[in-house]
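Reading through the structure tokens given below for one structure.
The values are calculated or read from the model by the stated rules, or taken from the named source; none is laboratory data. Just so we're clear, the structure is a prediction, and the values are computed from it rather than from any experiment. Backbone-built Cβ (ideal geometry, glycine too); neighbour counts: all protein chains shown. With ligands, DNA and RNA removed, areas are computed over all heavy atoms of the protein, side chains included. Shrake-Rupley method; radii C 1.70, N 1.55, O 1.52, S 1.80 Å.
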Amino acid sequence: MNEVLPQQKLLLELLIMSGDIAVADDISNTILERTVIECEKRGWVKRSQFGAGFHKTTITESGREASGLKR
């Protein structure tokens with residue numbers, strides 16, 4: 001398994017606690033954008049269009065396992 005970086009673990013834990021989160025499309029070059037993309041590439045989260053200017057970010061089963069907080 002790939003090592004989970006602190007910011008990735010934080011995002012995964014947030015998704016476990018709160019469920020889906022909406023992330024704005026206009027967050028280019030931010031830590032949040034990079035972290036979501038990194039987690040998506042590893043299959044830990046998935047994104048889908050939520051509305052004008054937003055994506056819904058959802059944790060996957062693989063993401064729950066990677067976080068160490070699988071329920």
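Total Lys pairs in the chain closer than 16 Å by alpha-carbon, pairs eight or more apart in sequence or interchain only?
Lysine pairs meeting the criterion: 5.
Angle of helix 6-18 to the longest C-alpha principal axis of the chain, folded into 0 to 90 degrees and rounded to 10: 80°.
Rolling a 1.4 Å probe over the heavy atoms of the protein chains gives the chain an accessible area of 64 Å² per residue. Here's the picture: a label point sits 7 Å out from the Cα of Glu13 along the beta-carbon direction, and within segment 29-71 the residues with their amide nitrogen under 13 Å of it are 67-70.
Let me make sure I get this right: for segment 26-65, a, b and c are the square roots of the gyration tensor eigenvalues over alpha carbons, sorted descending. Under 1.5 in a/c it's rounded, otherwise prolate if a/b > b/c, else oblate. Which is it? It is oblate, given that a/c is not under 1.5 and a/b is not larger than b/c.
Amide hydrogen proximity for Phe50: with H placed 1.01 Å from N in the peptide plane, the residues at 5 or more positions away or on another chain lying under 5 Å are His55, Lys56. Checking (i) 5.0; (ii) 4.4; (iii) 6.7 against the coordinates, the calculated mean projected area of the Cα convex hull in nm² falls under label (ii). Under a 10 Å cutoff between Cα atoms, tell me which one of Gly43, Gly51, Gly19 has the largest fluctuation in the Gaussian network model of the chain. Fluctuation is largest for Gly51. Cα axis of helix 31-41 to longest principal axis of the chain: angle in degrees, 0 to 90, nearest 10? It works out to around 60 degrees.
Placing pseudo-labels 7 Å out from each Cα toward the beta carbon at Glu65 and Lys41 gives an inter-label distance of 2.1 nm. Short-range pairs are left out: with C-alpha atoms under 8 Å and at least six residues apart, the relative contact order of the chain is 38 percent.
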